[in-house]
Amino acid sequence: MAAPVAVDGRVAISTYGDGPDVLLIPGLASSEHVWDRTVSHLKGRYRVHVVQVFGFAGAPPQANREGALIVPVTDAIHRYLVGRHLAPVSVIGHSLGGLMGMELALHHPSDVRRLMIVDALPFFGAIFGARDVQSVVGRATSLRDSMLHETRAAYVAGAERMVPSLVKTTGPEADVVKAASIASDQRVVARAMYEDMTTDLADDVSKIRQPTVLLYPWDKDSGMDTTMVDRFYHAQYATYPNVTFARIDGSRHFIMIDQPEVFEAQVDAFLRK
């Protein structure tokens, strides 16, 4: 492992292995360590670059302490790739990291060879039934402000309650998710959540030309049947011209933790394209 490289006070990026370049971007309030098994799987054949967003998982907020996060973080990743003459790379992004992957493909298309999106949406507001940003901004503002003003104890309790809905698996890897969320700066998380909810790329993704794979989860305890889930995700990516869909059964949001063997097989197929 090479020493992590900090970029613009936005991210630190660690590198493992050697070979064709693969970039892994974690999601909201997540640690780079959610990718540990993926890194172990890939590093014998690929050079893997793992992003840690500042302000998440105990990393100091630095430049992410105030203002916008999604585009500045994406731009920092771009500068890392270009500055080290790595582009284009294969990008795998989970959740908010998937949205950043889409932003990177849109605004810095020469950086991205291919893109895998792990349970993310071009417009997260669709989860709440919103048709556009205007119809979700009130809810997003309320959630942001509530998190900004709640006590640290309340934030930690909320993070602990949330994890079982995101990870089906119990054990050390689920503990990594919980520990990262608890250790995250709640101000950074609150603002990033607001940005995620109010960013709408549903029309813009029609401009993405790179081959893309979307992995999305389904679990029998979700309250939805597979037909409903399939229809929802396909509808959200209706304008995306070059996307392949793969539903991963028996999983919640953290597919790489709940179904690691299936996830790794999908990653291998994606990287062979």
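No value in this document is a laboratory result; all are computed from the given coordinates. In this text the structure is predicted, and so the values were computed from the model without any measurement. Positions of Cβ are generated from backbone atoms using ideal geometry, with glycine treated the same way; all protein chains shown enter the neighbour counts.
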Task: GNM result for the chain, Cα springs below 10 Å: residue of M193, M162, M228 fluctuating most strongly - done: M228
Task: Pairwise label distance in nanometres, A179 with A265, each label 7 Å out on the Cα-Cβ vector - done: 3.0 nm
TODO: Using a 10 angstrom cutoff on alpha carbons, build the Gaussian network for the chain and name the most mobile of F245, F54, F123.
DONE: F245
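At a threshold of 8 angstrom on Cα-Cα distance, excluding pairs fewer than six apart, so keeping six or more, what relative contact order does the stretch 1-121 reach in percent? If you can, show how the numbers build up before the last one.
Values: 254 pairs, mean separation 32.2, N = 121.
Relative contact order, the stretch 1-121: 27 percent.
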Open item on the list: Over the chain, how many pairs of lysines fall under 25 Å by alpha carbon, counting only those 8 or more apart in sequence or from different chains?
Closed with: 5
- [ ] Of the DSSP beta bridges with both residues in the chain, give the percent that are antiparallel, rounding to the nearest 5.
- [x] 30 percent
Task: Pair V82, D219: separation of 7 Å Cα→Cβ label points (nm) - done: 4.1 nm
Open item on the list: Roughly how far apart, in whole Å, are the Cα centres of the stretch 120-170 and the stretch 1-76?
Closed with: 22 Å
Open item on the list: Compute a Gaussian network model of the chain, connecting alpha carbons closer than 10 Å, and tell me which residue from A105, A202, A238 fluctuates the most.
Closed with: A238
Task: Charge dipole (the chain, unit charges on Cβ, about Cα centre) - positive-most of M100, H49, A159 - done: H49
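What does the extension gain come out to for S146 and N242, with contour length at 0.36 nm per residue minus their alpha carbon separation?
Details: separation 96, 0.36 × 96 = 34.56 nm, distance 3.85 nm.
Net length gain for the segment: 30.7 nm.
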Open item on the list: Could you compute the longest span of the chain free of GluC sites (Glu not before Pro) located in DSSP loops and having at most 15 other Cβ atoms within 10 Å, not counting the site residues?
Closed with: 151-273
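Can you tell me how the stretch 61-209 classifies by the Cα gyration tensor, rounded, prolate or oblate, using a/c under 1.5 as the rounded cut?
On the way: a/c = 1.66, a/b = 1.39, b/c = 1.20.
In terms of gyration-tensor shape, prolate.
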Task: Cα gyration tensor, the stretch 118-273 - rounded (a/c under 1.5), prolate or oblate - done: oblate
Task: Ascending count of other beta-carbon atoms within 10 Å, so fewest first, for D221, D185, D36 - done: D221, D36, D185
